[in-house]
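J.: Sharing a structure below in structure tokens format, with a few things to ask.
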Amino acid sequence: MSFYGCDAMSRGSLYVYTNKIKNYLINNVRYAIRNNVPKEQILKFYTYQDIPEIIRDKNSVPDNDFYFAVGDGNCLYGQVHTLNERKREFQILYVLYDEYNWDDNITYFLKEDTGKGAYRLVVETAAFKKLEKAGIAKPFLQFFIDTYTVSY
């Protein structure tokens, strides 16, 4: 995950939540290895953190861009993705998900990479939110996915 070329996992206060997940999974993997838990079960280990808000530096362009993209009320999920017992390391698959966080009464022009640079989708948020409230449009989630390798 990156915003303006900066690692999203270190944007704002998100690193606090990623560290909680990382430490929890490291402790569980260590325990499982010591107790001969099968690799297939270890690869199912997961945890998540509810993130009520992301605290950011309001003077930092990357932090503000990241905050706009993910907003508040997020959830960060982490799962053991790969396990290399010989190297004593594993990968954590992080998934940050959230309902969209768009301002009211703004029209967004979204580009689709067609090679022509044309805008293919236009979303007027006031109309969308009105349709959503009426039950005609369903809310949608956005996902940001990243992996991180840790040693245990």
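The values are calculated or read from the model by the stated rules, or taken from the named source; none is laboratory data. Here the structure is a predicted model, which is why all the values come from computation and not from measurement. Virtual Cβ from ideal backbone geometry, glycine too; neighbours counted across all protein chains shown. These area figures cover heavy atoms from the full protein model, side chains too; ligands, DNA and RNA do not enter into them. Shrake-Rupley method; radii C 1.70, N 1.55, O 1.52, S 1.80 Å.
J.: Which entries in K20/K87; K20/K58; K20/K133 show an alpha-carbon gap greater than 29 Å? Can you show the working numbers first?
T.: Details: K20/K87 23 Å; K20/K58 24 Å; K20/K133 36 Å.
Result: K20/K133 exceed 29 Å.
J.: If the chain between D146 and V61 were fully stretched, how many nm would it gain, using 0.36 nm times the residue separation less the Cα-Cα distance? Don't skip to the answer; put the middle values down first.
T.: Numbers: separation 85, 0.36 × 85 = 30.60 nm, distance 2.13 nm.
Once the chain is fully extended between D146 and V61, it gains 28.5 nm.
J.: Give, as a single signed number, the net charge of other residues whose beta carbon lies under 13 Å from the beta carbon of P38, with Lys and Arg counted +1 and Asp and Glu -1.
T.: Numbers: positive: K39, K44; negative: E40, E85.
Net local charge, P38 excluded: 0.
J.: If you don't mind, there's one more thing I want to ask. Can you tally the net charge around I145? Count Lys and Arg as +1, Asp and Glu as -1, for every other residue whose Cβ sits under 14 Å from the Cβ of I145.
T.: -3
J.: Provide the gained length on full extension for the span N27 to E124, in nm with one decimal, where the gain is 0.36 nm per separating residue minus the Cα-Cα distance.
T.: The span from N27 to E124 would gain 30.3 nm if fully extended.
J.: While we're on this one: Just read off the accessible area of E40 with the full protein assembly in place, 1.4 Å probe, to the nearest 10 Å².
T.: Counting only protein heavy atoms, E40 exposes about 130 Å² to solvent.
J.: Could you give the length gained on full extension between D7 and I136, defined as 0.36 nm per residue of separation minus the Cα-Cα distance, in nm? Please report the intermediate quantities before stating the final value.
T.: Details: separation 129, 0.36 × 129 = 46.44 nm, distance 3.68 nm.
Once the chain is fully extended between D7 and I136, it gains 42.8 nm.
J.: For the full complex of protein chains and a 1.4 angstrom probe, list D7, D63 by accessible area with the highest value first. Mind dumping the intermediate values first?
T.: Details: D7 80, D63 15 Å².
Highest to lowest solvent-accessible surface, that is D7, D63.
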